[in-house]
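The values are calculated or read from the model by the stated rules, or taken from the named source; none is laboratory data. No experiment lies behind these values; they were computed from the predicted model shown. FYI the Cβ positions are ideal-geometry reconstructions off the backbone, even for glycines, and counts take in every protein chain you see. Accessible surface is based on the protein model in full, side chains and every heavy atom, while ligands, DNA and RNA are left aside. Shrake-Rupley method; radii C 1.70, N 1.55, O 1.52, S 1.80 Å.
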Amino acid sequence: MKVLVLGAGAGGAAAVAELTLAGHDVVLWNRSSATLEPFRAAGGVEYEGVLGEGRAVPRAISADLGDAMRDVDAAVVTLPTFSHAPVARALGEARWPSDRPIVLNPGHTGGALEFAHAFRTTGRPLPPIAEFSTLTYVARKYRPERVTITGRAKHVRAAALPGGAAALDVGCSLFPGAAPVADVLAADLSNANLVLHPPGAILGAAWVEATGGDYTFYVQGMTPGVARTMKRLDDERLAVAAAFGHRLPSIVEEMQSIGTVEADVTDVHDLVGAIAGGTANARIKAPHSLEHRYYREDFGHGMLPFLELASIAGVETPVAASLYTLAEALVGIDFRASGRTAVTMGIAGLSRAELLAHVRPA
């Protein structure tokens, strides 16, 4: 299959490596030529870790979207969530064909809804769209031409918007471990980062600023107090999911299915032991500052859409709301001004029943 990978960060580089190894014809696009230049100079995307070590050579590496999308069969969006709406509009304006699937890897919380709403503003027919609950990799770019992949998700939840069955099929075919769920709300509310990042980011903010993030976020930062807060936040997530008719696993069970909590963990209530003991995340450092995506992205495009969904579901989420309010105070940003709201997801004013009808096939 000819696949366009949109985004040249760690997730996009890892996707290029995996898809190329699987025999697909890959084109890598990124808005910034400066991000692409190290890959060009290296003759491809260097990779190391759980996929082995080597160099994946895409058919093309381009910052020209019109050029990059020519003759491809599908697109995989591996961009940060705050780039979903801009790239959706860019694809629409570039006349992305309505029969070519688009897969968000990941969509996180509300990604498919926001992407579709932004694409529609261009006046183009909506293509098939599917999303994953979380990125299929634990990956970092410690060097600009190389991606280090310390984990490959064994299982992620995948869902399509109505009319998006072709995108769901493509996503599950390209990425083994992607498993279909009933609708995008089930995928949205399975976003592990929604629960995993905010408690440690807020409760560890002083440590982040004092040390520049010189501690391991999932080990040293996973204290009993952080874990108790995380458990309360997870209970709220599960309550919102239940209001939409979905019974989802706890955060530890979800991470165990992904592979970031070890398979031999039996006490799913011991968040400290389970999360701190995971090999894939063990060496990941804390945010270097309050400019990090754990603050900017995970609140404006993770916690905010979760609060919007909770409001539609009629479920109170005091811990989530408190963490969100503290994040705005810490960072000094009104996340609603540029974040993922009910308006940007195209669901403002919908009732619970109307939202369920909106995301499920007629």
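Say whether the condition of being in contact (Cβ under 8 Å) with a residue 40 or more places away in the chain and surrounded by 24 or more Cβ atoms within 10 Å (Cβ to Cβ) is met by at least one residue in segment 123-130. Within segment 123-130, one or more residues are in contact (Cβ under 8 Å) with a residue 40 or more places away in the chain and surrounded by 24 or more Cβ atoms within 10 Å (Cβ to Cβ).
Can you work out which of the residues in segment 242-286 that are under 21 Å from the mean Cα position of the chain (by Cα) and of a type in the set (S, T, N, Q) is surrounded by the most Cβ atoms within 10 Å (Cβ to Cβ)? By that ranking, first place goes to Thr260. Candidates in segment 156-208 are the residues that are of a type in the set (Val, Ile, Thr) and within 17 Å of Val359 (Cα to Cα); of these, the one that is surrounded by the most Cβ atoms within 10 Å (Cβ to Cβ) is Val184.
Within segment 68-89, being buried (at least 19 other Cβ atoms within 10 Å of the Cβ) and touching a helix residue (DSSP H, G or I) at 6+ places or on another chain (Cβ under 7 Å) holds for Ala74, Val76, Val77, Thr78, Leu79, Thr81, His84, Ala85, Ala88. Any idea which residue in segment 287-296 is nearest to Leu330 (Cα to Cα), counting only those that are under 17 Å from the mean Cα position of the chain (by Cα) and open to solvent by 10 Å² or more (accessible area, probe 1.4 Å)? So the residue we want is Arg296. Cβ separations smaller than 8 Å between residues 6+ apart or across chains give the following pairs from segment 163-185 residues that are farther than 19 Å from Leu113 by Cβ and modelled with pLDDT under 95 to residues that are among the hydrophobic types (A, V, I, L, M, F, W, C) and buried (at least 18 other Cβ atoms within 10 Å of the Cβ): Gly177/Ala153; Gly177/Val156. Residue check: is Gly225 without any contact (Cβ under 8 Å) to a residue 60 or more places away in the chain and in a helix (DSSP H, G or I)? The answer is yes for Gly225.
Assess whether Val50 counts as being in contact with a Ser or Thr (Cβ under 7 Å, 6 or more places away or on another chain), closer than 24 Å to Ala160 by Cα and hydrophobic (A, V, I, L, M, F, W, C).
Numbers: in contact with a Ser or Thr (Cβ under 7 Å, 6 or more places away or on another chain): yes; closer than 24 Å to Ala160 by Cα: no; hydrophobic (A, V, I, L, M, F, W, C): yes.
No; evaluated as a whole, the condition is false for this residue.
Which of the residues belonging to segment 1-36 are surrounded by fewer than 15 Cβ atoms within 10 Å (Cβ to Cβ) and of a type outside the set (Ser, Thr, Tyr)? Residues satisfying the conditions are Met1, Lys2, Leu21, Ala22, Gly23, Ala34. Answer with yes or no whether Gly151 is surrounded by fewer than 17 Cβ atoms within 10 Å (Cβ to Cβ) and not hydroxyl-bearing (Ser, Thr, Tyr). The answer is no for Gly151.
Might you check whether a residue that is polar (S, T, N, Q), without any contact (Cβ under 8 Å) to a residue 24 or more places away in the chain and closer than 18 Å to Gly278 by Cβ occurs anywhere in segment 188-205? Can you show your working first?
Just the residues of segment 188-205 that are polar (S, T, N, Q), to begin with: 190-191, 193.
Filter once more, so that each one left must be without any contact (Cβ under 8 Å) to a residue 24 or more places away in the chain: none.
No, segment 188-205 contains no residue that is polar (S, T, N, Q), without any contact (Cβ under 8 Å) to a residue 24 or more places away in the chain and closer than 18 Å to Gly278 by Cβ.
Set side by side, the residues Glu93, Glu53, Glu48, Glu37 differ, and just one is at pLDDT 95 or above, of a type in the set (Asp, Glu) and under 23 Å from the mean Cα position of the chain (by Cα), which is Glu48. Checked across segment 323-332, the condition of being free of Cβ contacts under 8 Å to residues at least 60 places away in the same chain, in contact with a His (Cβ under 8 Å, 6 or more places away or on another chain) and open to solvent by 40 Å² or more (accessible area, probe 1.4 Å) holds for no residue. Would you confirm whether or not segment 88-99 contains a residue that is small (Gly, Ala, Ser) and touching a residue at least 60 places away in the same chain (Cβ under 8 Å)? No; the residues of segment 88-99 include none that is small (Gly, Ala, Ser) and touching a residue at least 60 places away in the same chain (Cβ under 8 Å).
For beta carbons closer than 8 Å, sequence separation of 6+ or different chains, a first residue in segment 347-362 that is more than 18 Å from Arg120 (Cβ to Cβ) and a second that is acidic (Asp, Glu) and assigned to a loop (DSSP other than H, G, I, E, B), the qualifying pairs are Leu356/Asp183; Arg360/Asp183.
Has segment 205-218 got at least one residue that is closer than 23 Å to Thr266 by Cα and small (Gly, Ala, Ser)?
Filtering segment 205-218 for residues closer than 23 Å to Thr266 by Cα gives 217-218.
Checking the rest, the ones that are also small (Gly, Ala, Ser) come to none.
Within segment 205-218, not a single residue is closer than 23 Å to Thr266 by Cα and small (Gly, Ala, Ser).
Selection of segment 38-58 for residues being surrounded by fewer than 16 Cβ atoms within 10 Å (Cβ to Cβ) and free of Cβ contacts under 8 Å to residues at least 40 places away in the same chain yields Arg40, Gly43, Gly52, Glu53, Gly54, Arg55, Val57.
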